[in-house]
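The values are calculated or read from the model by the stated rules, or taken from the named source; none is laboratory data. From a predicted model like this one, the values you see are computed outputs, not experimental measurements. Cβ placement follows ideal geometry from the backbone for every residue including glycine, while neighbour counts extend to all protein chains displayed.
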Amino acid sequence: MDKRLFESPLGFFWEPTDVPLPHENRPDPALFMFKKNMAGIVWNSLGVFENNPATLPQTETILQGQAVGGISIDQLSQVKRFGDAAAQLIDSVKNATFRLDLDFAKQLHAVVGKEEALEWGVLRSREVHIHGVSHVPPTVDELPSLAEKGFSFLREQMESPIERATAAFLFMSRTQFFFDCNKRTASLMMNGVLLTAGYYPIIALRETTEEFNEKLREFYDSGDATEMFRYFSGVCTKLYPS
């Protein structure tokens, strides 16, 4: 694979990983797997991305529409919003309305980021910086063009759904299209690609938080996504052992 092929439309490159990502390639079982494991997906994702302290039982209770003690209202709301967005994703896959584009990402962000991000459901209107890295995300003026070119490339030039899904997560996370909630929105978009193609969901696991954050920081700064692809491959091996 030619690294230069990926530098222009996505802003980063990667090399093929030798670790295959397990899948079923059957839409109905994949969607059932995502829905059945919704609480675990939300719990792991928020633990890794936001250090949300809710336990798995608390997460299950919140997703059932009930309140819990021991966490703040903001943390409880964070769980509920991510669950609501995941449910919206499920409906879109069922109804064949999921799209790998900026407009659909905005729809998910409008739910995930409501009253938490400075703005939600729209592209950010100010420049941002990512704590702990030297990488500076693109300027506000660059975002519409980057979205059009990047999502088009992902849809039209990448044949492997698994590679497309992982690259979509990394593209959205590194570009920072939104004020906050970028990784959460990107993870839902990643799984929308997978579920539509009949692949089981990919998530970041709480037990790998340190590894995830370290490799993500390195990816942000270097533009080399190879280790992030290997990270997700390793997670899949843990989730779906052959």
Selection from segment 98-125 of residues that are modelled with pLDDT of 95 or more and exposed (fewer than 12 other Cβ atoms within 10 Å of the Cβ)
ASP103, SER125
Of the residues in segment 167-194, those that are over 24 Å from GLU15 (Cβ atoms) and either of a type in the set (Ser, Thr, Tyr) or modelled with pLDDT under 95 (or both) number 2
Given the conditions (1) of a type in the set (Lys, Arg); (2) farther than 20 Å from LEU10 by Cα; (3) part of a helix (DSSP H, G or I), every one holds for ARG164 apart from (2)
Any chance segment 195-210 includes a residue that's over 14 Å from the mean Cα position of the chain (by Cα) and acidic (Asp, Glu)?
yes
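Within segment 58-98, how many residues turn out to be of a type outside the set (A, V, I, L, M), over 17 Å from GLY113 (Cβ atoms) and in contact (Cβ under 8 Å) with a residue 40 or more places away in the chain?
Taking segment 58-98 and keeping what is of a type outside the set (A, V, I, L, M), we get 58-61, 64-66, 69-70, 72, 74-75, 77-78, 80-84, 88, 91-92, 94-95, 97-98.
From what's left, over 17 Å from GLY113 (Cβ atoms): 58-61, 64-66, 69-70, 72, 91-92, 94-95, 97-98.
This time we only want the ones that are in contact (Cβ under 8 Å) with a residue 40 or more places away in the chain, so: 92, 94, 98.
Looking only at that region, the number is 3.
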Does segment 221-239 contain at least one residue that is over 15 Å from the mean Cα position of the chain (by Cα) and among the aliphatic types (A, V, I, L, M)?
yes
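Of the residues PHE232, PHE177, PHE171, PHE151, which is surrounded by 20 or more Cβ atoms within 10 Å (Cβ to Cβ) and either not in a helix (DSSP H, G or I) or not hydrophobic (A, V, I, L, M, F, W, C) (or both)? If you could, list the steps in order and put the result at the bottom.
Working: PHE232 fails: either not in a helix (DSSP H, G or I) or not hydrophobic (A, V, I, L, M, F, W, C) (or both); PHE171 fails: either not in a helix (DSSP H, G or I) or not hydrophobic (A, V, I, L, M, F, W, C) (or both); PHE151 fails: either not in a helix (DSSP H, G or I) or not hydrophobic (A, V, I, L, M, F, W, C) (or both).
Sole residue among the options that is surrounded by 20 or more Cβ atoms within 10 Å (Cβ to Cβ) and either not in a helix (DSSP H, G or I) or not hydrophobic (A, V, I, L, M, F, W, C) (or both): PHE177.
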Quick check: is even one residue across segment 188-196 crowded, with 21+ Cβ neighbours inside 10 Å, in contact with a Lys or Arg (Cβ under 7 Å, 6 or more places away or on another chain) and part of a helix (DSSP H, G or I)?
yes
Out of all the residues in segment 157-178, is one or more touching a Gly at 6+ places or on another chain (Cβ under 7 Å) and over 26 Å from PHE104 (Cα atoms)?
no
Could you say which residue among ALA67, ALA87 is part of a helix (DSSP H, G or I), surrounded by fewer than 16 Cβ atoms within 10 Å (Cβ to Cβ) and of a type in the set (A, V, I, L, M, F, W, C)?
ALA87
Selection from segment 93-139 of residues that are aromatic (Phe, Trp, Tyr) and assigned to a loop (DSSP other than H, G, I, E, B):
PHE98, TRP120
Could you give every pair whose Cβ atoms fall below 6 Å, whose first residue belongs to segment 204-223 and is farther than 20 Å from THR237 by Cβ, and whose second residue is hydroxyl-bearing (Ser, Thr, Tyr), counting only separations of at least 6 or pairs across chains?
ASP221/SER134
